[in-house]
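The values are calculated or read from the model by the stated rules, or taken from the named source; none is laboratory data. Being a predicted model, the structure only gives us computed values, none of them experimental. As a convention, Cβ positions derive from the backbone with ideal geometry for all residues, glycine included, and neighbour counts pool all protein chains shown.
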Amino acid sequence: MREAIDNKKIIFKVIIGIFVLVWSFNVLNVGFYVDENGLLSIYKGFYQGQRLFTDSWEALQTGGILAYPLLALYYQVLAPLFASAGINIGLVLYMRIVYTICRLLVAIYLYFTIKKTVYEDGAFAASIFYYMFVMGWKNFSYKSYCDLAIMLLICFIIRYQETKKNWYFIFAGIATCVAILAYPTMIIMAFAITALLIVGIYRNEIQKQSLALYIITCFVIGIAVVVYIQCTSGLGNVLNQIGNLGDQDYENGLLYRLGVLLVSYLVFAVIAYLPICAIAIIRRFRYVSEVAEAIVLTLYWFGFLAAVCLVRINSISNSRFIYAILILFFWFPYLAFERKDNEFTRIGAYNNTNSDELYVLWVMFAVSAVSQFVWSLSTNQDITVPGHMAVYVVVADILIITKNKEILSGLVGLINLVALFFMGFWVAEHNGGYEDVLSLRYMVTDGELKGIILLPEDYDANEICYRLVTENVTEDDRLLVAFGSNSTGYLNSNAKQGTYTVFARTQLNTKLLDYYEINPQNQADYVLIDKGNPKYESFLENETGKYLVENYSTVVAEEGDFVLLSR
C-alpha cells in the first residue's frame, strides 16, 4: 500500500516537473524588460573590446568576463548558423535559453544535493521552487549570475558537510569569485565565508585544509583578474579613473539608504511575527492546536501577499512576491526551533534538538543575510532588491516544513503556485511594468531581439531603432543612445558604445562630458534620441543634453519619436 502511494507521488512529481519545464521554455520569448536590455548591452560592450574601468565606468562591467564566452559563441558561431538555417533566434532569446538551461542544471544539482541529506523529502519542492523563482528577469545579469553562484556555494557547503571532502571548497571559491565578478560588492561574501570557516575550525566542524583551499582558490582567480586588467587597461589608468565609479548618481548617501532599508527590514520583521506573537499570547490562556497554527500562518502569508497586490492593483509586479518572501525569511528561526511537546513546558520555550541537521540550513540563512546586506550597499531602490536574496531561506523553510512540519505543506504549495504565476504567466515588460503572457504581442524577425514577442508599442520602438542604427551606423562608428537602457539601440547596432555606461543619466548629470574629456577617443559619432521618453524634457534642460543637441546638430534619420544625430 505504502509503495503504491509512493509511486503515485513520484508520478505526480514527474508530471508537475515536466509541466513546469515545458511551460518555462514556452514563455521564454515573451516580453523584454528595460534592465535586461541594459545588462546585455553592458556585456556586449565588453565583448566589443571595452577595457575595464577605463573605457567603461559601469560598476557592473566585470560581469562581461562571465558573459564573454557565451557572446563569443553566439557572434562567431551560432548567429551565422541561425541566419543560414533560417532559425529565428537573436542574442536576447539565445541568452535566455542558455540562462534557463543553467538555472535548470543548478536546480537539478540542488535536488540531488538535498536528496543526500536528512531533508530528502523536500528536495523536489525546494528545487522546483528555486527553478521557478524569477531573479528579476529570465536572463543573465548581475542578479542572476550572483544568484546561481550563491546557490552553488550553498550546495558545495552542504556536500562538504555530508562528505567532509575538502576539495568542495575549491568549487566554493570559484562560485564566490563568480558572484564577485557579477556584483563586485559581493567581495564581502568572501570574507564572510572565510569567517564562517574559521569559526567552523574553532568548533572542530571544518578542517584547516578547507579554509586553505578556499582562500587559495579565491586568491588565484583574483590575481588572474588583476593581471588581465593590467594587460588590457593598465592598473595606472584604472587607478586614475576608478573614482568615477560609485554613488555619484544616487540622490541620497549610503548611510541614509542603509538606514531606510534597515527600518524596512524591521517593519517586515514586525509584520512577520504578528501572527506568531498572537498565537503565543493565546496559548497562555487556552490550547491552540498545531493544525490551527498552520492554518493561521498559511492564511496570514497568503492574505499578506494578496493585500500588497491589492494596494496597487494596476501595477502588480514580482516585487509583491518579494515582500511575501521576506515574511518567510523572518519565519525561518521560528520554524527551525521546535516547540517542546510537553504540555507543562512554559509557553515560548523552544529547543533545538537537531542542531547538526539544522547546521546547513542556518548556513543558508547566514549566506542569505550577508547577500542581502551586500545588495543593500549598492542599491538606491527599496527592500525588494536585496530581498531577492532571501530565496535561499525560502528553500530552507521548505525543507524544514517537509521534514518536521508537514502540517504546513499547504503553505509550501501556495509558495510554489505563486512562483509559477510570476514565472509563467506574469512577466516583466518595457520600463518596469508587468503584463500577462496572453496580451497581444508581435514577434520580432530582425536584429538581436529576433524571436522575442513584444507588446505593440515595444515592437514598434524596437523596429524603428533597428532600422535607424543598421542603415546608418557602421561597426567602425561609436554610438550614444541618450536613454540607453530604454531602447534597443545598443543591442541592434554593431557600433561600439560611445558612453561610460548604457545607464548614463544624460538628463541628470554631466558625467558623460567628464568621460569625453578624459577619453576623447571614445566620443560618440552618432547620438540616438527618443523624443517620446519621459526623460526627454529634463535632457534638453540639462548641460549634457544641451551639449549633445548643440554639437550633434545634423539629423541623419528620423522616424517616429526617434532621431539619429551626427556631428
Which numbered condition THR379 fails, given (1) crowded, with 21+ Cβ neighbours inside 10 Å; (2) not in a helix (DSSP H, G or I): (1)
Count of segment 433-459 residues which are surrounded by 21 or more Cβ atoms within 10 Å (Cβ to Cβ), of a type in the set (A, V, I, L, M, F, W, C) and assigned to a loop (DSSP other than H, G, I, E, B): 3
Any chance VAL134 is closer than 22 Å to LEU70 by Cβ and either outside the structural domain of SER371 (by TED's automatic domain parsing) or without any contact (Cβ under 8 Å) to a residue 40 or more places away in the chain (or both): yes
Positions within segment 481-500 being among the small types (Gly, Ala, Ser), part of a helix (DSSP H, G or I) and in contact with a strand residue (DSSP E or B) (Cβ under 7 Å, 6 or more places away or on another chain), in sequence order: GLY489
Which listed residue, of VAL374, VAL385, is assigned to a helix (DSSP H, G or I), without any contact (Cβ under 8 Å) to a residue 60 or more places away in the chain, within 15 Å of the chain's Cα centre (by Cα) and more than 17 Å from PRO333 (Cα to Cα): VAL385
Members of segment 206-218 that are surrounded by 14 or more Cβ atoms within 10 Å (Cβ to Cβ) and either touching a Leu at 6+ places or on another chain (Cβ under 7 Å) or modelled with pLDDT under 95 (or both): ILE206, GLN207, SER210, LEU211, TYR214
Scan of segment 524-533 for residues that are in contact (Cβ under 8 Å) with a residue 60 or more places away in the chain and within 13 Å of ASN472 (Cβ to Cβ), ordered by number: LEU528
Top-ranked residue of segment 485-522 - restricted to ones that are within 15 Å of LEU39 (Cβ to Cβ) and surrounded by fewer than 24 Cβ atoms within 10 Å (Cβ to Cβ), ranked as modelled with the highest pLDDT: PHE503
Top-ranked residue of segment 388-427 - restricted to ones that are of a type in the set (A, V, I, L, M, F, W, C) and without any contact (Cβ under 8 Å) to a residue 12 or more places away in the chain, ranked as surrounded by the most Cβ atoms within 10 Å (Cβ to Cβ): PHE421
Qualifying residue in segment 455-462 (condition: under 26 Å from PHE53 (Cα atoms) and out of contact with any Ser or Thr (no Cβ under 6 Å at 6 or more places or on another chain)): no
Subset of segment 135-170 that is surrounded by fewer than 19 Cβ atoms within 10 Å (Cβ to Cβ), of a type outside the set (Ser, Thr, Tyr) and assigned to a helix (DSSP H, G or I) - its residue that is farthest from the chain's Cα centre (by Cα): GLU162
Subset of segment 534-562 [over 33 Å from the mean Cα position of the chain (by Cα) and either more than 22 Å from ARG478 (Cβ to Cβ) or among the aliphatic types (A, V, I, L, M) (or both)]: LEU540, GLU541, LEU548, VAL549, VAL555, VAL556, ALA557, GLY560
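Could you tell me whether segment 460-480 includes any residue that is over 28 Å from ALA107 (Cβ atoms), among the basic types (Lys, Arg) and part of a strand (DSSP E or B)?
Yes, because at least one residue in segment 460-480 is over 28 Å from ALA107 (Cβ atoms), among the basic types (Lys, Arg) and part of a strand (DSSP E or B).
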TYR75 closer than 27 Å to GLU406 by Cα and not aliphatic (A, V, I, L, M): no
Answer from ILE188, ILE221 - the residue that is more than 17 Å from VAL374 (Cα to Cα), touching a residue at least 40 places away in the same chain (Cβ under 8 Å) and among the hydrophobic types (A, V, I, L, M, F, W, C): ILE221
Boolean, VAL469 is crowded, with 23+ Cβ neighbours inside 10 Å, of a type outside the set (Ser, Thr, Tyr) and touching a residue at least 60 places away in the same chain (Cβ under 8 Å): yes
Hits in segment 526-541 (condition: in contact with a Lys or Arg (Cβ under 9 Å, 6 or more places away or on another chain), modelled with pLDDT under 95 and outside any helix (DSSP H, G or I)): LYS535
Close pairs from segment 274-288: first touching a residue at least 40 places away in the same chain (Cβ under 8 Å), partner small (Gly, Ala, Ser), Cβ under 9 Å, at least 6 apart: ALA280/GLY348; ARG283/GLY348; ARG284/GLY348
All helices (runs of 4 or more DSSP H) inside segment 12-99 with 2 or more residues being within 15 Å of TYR142 (Cα to Cα): 34-47, 63-73
